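The values are calculated or read from the model by the stated rules, or taken from the named source; none is laboratory data. These figures come from a predicted structure and were not determined experimentally. All Cβ positions, glycine included, derive from the backbone under ideal geometry; neighbour counts span all protein chains shown. Note: accessible area is taken over every heavy atom of the protein model, side chains too, but ligands, DNA and RNA are not part of it. Shrake-Rupley method; radii C 1.70, N 1.55, O 1.52, S 1.80 Å.
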Amino acid sequence: MDQHRVVLLPGDGIGPEITAVARQLLEVVAARFDLSLTFDEQLIGGAAIDATGEPLPASTLETCRAADAVLLAAIGSPRFDALPRDKRPESGLLALRSGMELFANLRPVKIVPALIDASSLRPEVIEGVDLMVVRELTGGIYFGQPKGRIEADGEERGFNTMTYSNSEVDRIARVAFELAAERRGQLCSVDKANVLDVSQLWRDRVNALSSNYSGVEVSHMYVDNAAMQLVRAPRQFDVLLTGNLFGDILSDEAAMLTGSIGMLPSASLGSEGPGLFEPVHGSAPDIAGQDKANPMAMVLSAAMMLRTGLKQPSAADALEKAVDQVLAKGFRTGDLMAEGCTPLGCKAMGEELLRAL
Ligand code: IPM
Ligand code: MG
């Protein structure tokens, strides 16, 4: 029997509700596929600030680094907006990504046929969309030095630094090239090379690497155009490679092609060690604790964890099939509700998913 240690990070807002659903499903799937999954719940984000004063306690990072995979729900709450930046929930997530050296963030966006009418875009625009955003996650302007707020010329000035080295671009570009080679062989690298030096270096490195991947066709797009093309003709994209900040923005935009950000999983990977799997959506404080959350992005993140992190493709398939089946039967959480469908809360959706399993 395969032994896998999974760290669960429920975090804030709707996090605990969707974690409970995912955990139950994982337990059932483990029994079915003869996997031994052990779960260790740890604190992060606002929940950790309340308990310890720190958004990422040292014990959480240590436990995560020693695990086989980490499944995170969501962090963040407006309750902490007044705290200094390094004490806020978001800083816990950034410190976790950085502390686990998770430089590659994969955000797949695939249209689910049953949800084609849930999108704010016309069905003929989004039909067949199947793309992967590959976002650099531990560098760029999120982590660049120097940064801060200073007094200069009699006023206050805030600044950050967008910076990438050759090696940082190369390692994320390789991930994107390899994914593209397994998919439809198209890699679109997104930058702002018409304005930014850091983007020119990014583009030069992607071009330099492309000779090693003869099966992959490389194109480059400025980020403003990419934002436009994503809503104009999203089918043109296979793998989208981009830096940390542009990837943050474009992945939310790409997520909405599917109608709800409540459907999208993600994986954050390093060159070795455990991966971190999490829904793309946030903690949704406005609906927290009301049993209204859509647990499906979390369940699909658990599936991604099984497939990519724990190498259990059959178990991953089973979870993904359960989601498809429940949607095909017309069950919907509030974010996806449409005429003729059956509205369910988070818990009831979890029970339908269990039944489908
Ligand atoms: C995301 C989120 C985070 C980010 C926040 C919560 C720090 O928006 O995972 O996309 O900006 O990376
Ligand atoms: Mg984001």
Checklist entry - By average Cβ neighbour count within 10 Å, what is the ranking of 329-342, 2-15, 99-112 from highest down? => result 2-15, 99-112, 329-342
Checklist entry - What's log10 of I(q)/I(0) for the chain at q = 0.09, 0.12 Å⁻¹, Debye sum over Cα points only, no solvent? => result -0.50, -0.91
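Roughly how big is the stretch 1-144's charge dipole about its Cα centre, with Cβ charges of +1 (Lys, Arg) and -1 (Asp, Glu), in debye to the nearest 20? Numbers along the way, then the final one.
Values: 13 positive and 20 negative charges, 51 e Å.
Dipole size: approximately 240 debye.
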Next on the checklist: Within the stretch 132-168, name every residue whose backbone N is under 13 Å away from a label modeled 7 Å from Cα of Lys87 along the Cβ vector.
Outcome noted: none
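Hey, can you find the accessible area per residue of the stretch 20-178 for me, probe 1.4 Å, expressed in square angstrom?
Details: 7600 Å² over 159 residues.
About 48 Å² of surface per residue is accessible.
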Item to check | From phi via Karplus (6.51, -1.76, 1.60), per-residue ³J(HN,Hα) for the stretch 300-313 in Hz, x at Gly/Pro | outcome: 5, 5, 4, 5, 5, 5, 4, 6, 7, x, 10, 6, 10, x
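Using a simple charge model, +1 on the beta-carbon of Lys and Arg, -1 on the beta-carbon of Asp and Glu, nothing else, what dipole does the chain show about its Cα centre, in debye to the nearest 20? Walk me through the numbers before you get to the answer.
Working: 33 positive and 48 negative charges, 90 e Å.
Taking the Cα centre of the chain as origin, the dipole is about 440 debye.
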Item to check | Cleavage-rule hits, trypsin sites (Lys or Arg not before Pro), the stretch 271-318, DSSP coil, Cβ neighbours within 10 Å at most 14 | outcome: Lys311
Checklist outcome for this item: Per the charge dipole of the chain (beta-carbon charges, Lys/Arg positive, Asp/Glu negative, Cα centre), the residue among Leu209, Ile18, Pro55 reaching farthest to the positive end is Leu209
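Is the shape of the stretch 25-99 rounded, prolate or oblate, going by the alpha carbon gyration tensor and its root eigenvalues a ≥ b ≥ c, with a/c under 1.5 for rounded and a/b larger than b/c for prolate?
Values: a/c = 3.00, a/b = 2.20, b/c = 1.36.
Prolate, because a/c is 1.5 or more and a/b exceeds b/c.
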Item to check | Entries of Lys110/Lys321; Lys87/Lys347; Lys110/Lys192; Lys110/Lys329; Lys321/Lys347 with Cα pairs more than 22 Å apart | outcome: Lys87/Lys347; Lys110/Lys192
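Packing-wise, with mean Cβ within 10 Å as the measure, how do 136-148, 69-81 rank, highest first?
Details: 136-148: 17.5, 69-81: 22.5.
Top of the packing list down: 69-81, 136-148.
If you roll a 1.4 angstrom probe over the protein chains with everything in place, what fraction of the accessible area of the chain belongs to carbon and sulfur, to the nearest %? Walk me through the intermediate numbers first.
Numbers: 7840 of 15730 Å².
Carbon and sulfur together cover 50 percent of it.
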Checklist outcome for this item: Amide H neighbours of Asp2 at under 5 Å, excluding residues fewer than 5 places away on the same chain, with H built from the backbone geometry, are Ser36
Checklist entry - Assigning unit charges at the beta carbon (Lys, Arg +1; Asp, Glu -1) and nothing else, what dipole magnitude in debye, to the nearest 20, does the stretch 115-195 show about its Cα centre? => result 180 debye
Checklist outcome for this item: Any residue on another chain or 5+ positions along whose placed amide H is under 5 Å from the amide H of Gly275 is listed here as Val70
Checklist outcome for this item: Given the candidates Gln325, Val299, Leu344, the one whose Cα lies deepest towards the positive end of the charge dipole of the stretch 246-357, counting +1 at each Lys or Arg C-beta and -1 at each Asp or Glu C-beta, is Gln325
Next on the checklist: In the stretch 110-257, if the dipole is taken from +1 on Lys/Arg beta carbons and -1 on Asp/Glu beta carbons about the Cα centre, which of Ile141, Gly154, Ser199 is farthest to the positive end?
Outcome noted: Ser199
